[in-house]
Amino acid sequence: MGRGEQCDENNTACEARMLPRAAGRCRVGCMVAIVGLLLPVQTRGACTPVPTVNGIGAKLGLIGTVTDPSRELSGVQVLGPQVISIDSSVAQRERVDVMVGSELELNITASWGAPYLDHNLTLYAYEDPGVPNGGVLTTQECRGGRQLAPTNPQVIAGQGSGEYCNPVRRVFKWRPKKSQEDQVYSMCFMVIPRELQSCESTYKCVDMHVVAPNISFNSLTTPQHDKMHHSPVGCHFEACFEAHDVLGVYQTDMTPLATSMPEGSHFDAECGMNSVTTLPYESSAGGG
């Protein structure tokens, strides 16, 4: 992996590589690197138009549902990952919400329009902030395959094959895990023409927010917190606890604390699943 140059005391030598973070801070030493190639720090040339990292496309699949990434559920074919919207209201930063246990697929493309259609492009990912733990970013591929370019500078100079790669694409796949919830993970990209490296693009970042569950107990069926309930000896006492994710994203499951269960009691996972009563307990026959 190549690394960019270190800033001078006035930060002028690395301005072309300075990358605003989501939190708006610069790391000590102002060292920024680009994955894949050692490049000199340059000032963007007067190229009109400049190469562009296009809007990022996203698909999301949730394992065990009709959007399962495998496109199968219990041996039956289902829809598979679905296209989801990305918030692009902030310039050069796009944002998408994902969840633990889902599979996110990002389609990152870059292109350079006329009169530079026959120039080679290289799509870089910034080493800082890098790739989220567990994610996989593919190497670059040419969309539509490599094309012949008789006006390419390499052909005019009698160098190379004259083939070009424009537009280009990279794909990122990631399944967020537990402990990654309620965090924002970022990736940033830049595209640089191989023949005219001074004509680099501006950066584009995507911020991936791993949504945390918002668990709430059903107040109609679940006993009030810290409320005392009395059950006479010989009577049957039952308390049902119902909870759900307010966002409607995650399935919920409950496990009692072992130290909180009275001797001889048991916890039934099905308790209250189809409950229609608002009583927290039922008394046994005989008025107990």
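Please treat every number below as a calculation from the coordinates, not as lab data. Every value quoted in this text rests on a predicted model; they were computed, and no experiment measured them. Positions of Cβ are backbone-derived with ideal geometry, glycine not excepted, and every protein chain shown enters the neighbour counts.
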Inset, instruction - Give the share of C-alpha pairs in each 5 angstrom bin for the stretch 55-135, from 0 to the last occupied bin, in whole percents, shortest bins first. - result: 3, 12, 16, 19, 17, 13, 10, 6, 3, 1, 0
Inset, instruction - Rounded to the nearest 0.05, what FRET efficiency do LEU247 and PHE267 give with R0 = 35 Å and r taken as the Cβ-Cβ distance? Could you check? - result: 0.85
Legend entry - ³J(HN,Hα) computed for each position of the stretch 100-105 - Karplus, 6.51 cos²θ - 1.76 cosθ + 1.60, integer Hz, glycine/proline x: 4, x, 9, 10, 9, 10
Inset, instruction - Count charges around ILE63 for me, please; just the other residues with Cβ under 15 Å from its Cβ, Lys/Arg as +1, Asp/Glu as -1. - result: +2
Inset, instruction - Could you sort 219-226, 255-262, 66-73 so that the peptide with the highest average Cβ count within 10 Å comes first and the rest follow in order? - result: 66-73, 219-226, 255-262
Inset, instruction - Starting with the highest mean, order 186-199, 122-135 by the number of other Cβ atoms within 10 Å, averaged over the residues of each peptide. - result: 186-199, 122-135
Legend entry - Rg [Å, one decimal], Dmax [Å, integer] - the stretch 168-257, C-alpha atoms: 25.1, 87
Inset, instruction - Give the cross-link partners of LYS173 among the lysines, using a straight C-alpha distance below 30 Å as the criterion and excluding same-chain residues fewer than 8 apart. - result: LYS59, LYS204
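Take peptides 230-236, 54-60, 89-95, 200-206 and line them up by average Cβ neighbours within 10 Å, highest first, as a rough protection proxy.
Order by mean packing, descending: 200-206, 54-60, 89-95, 230-236.
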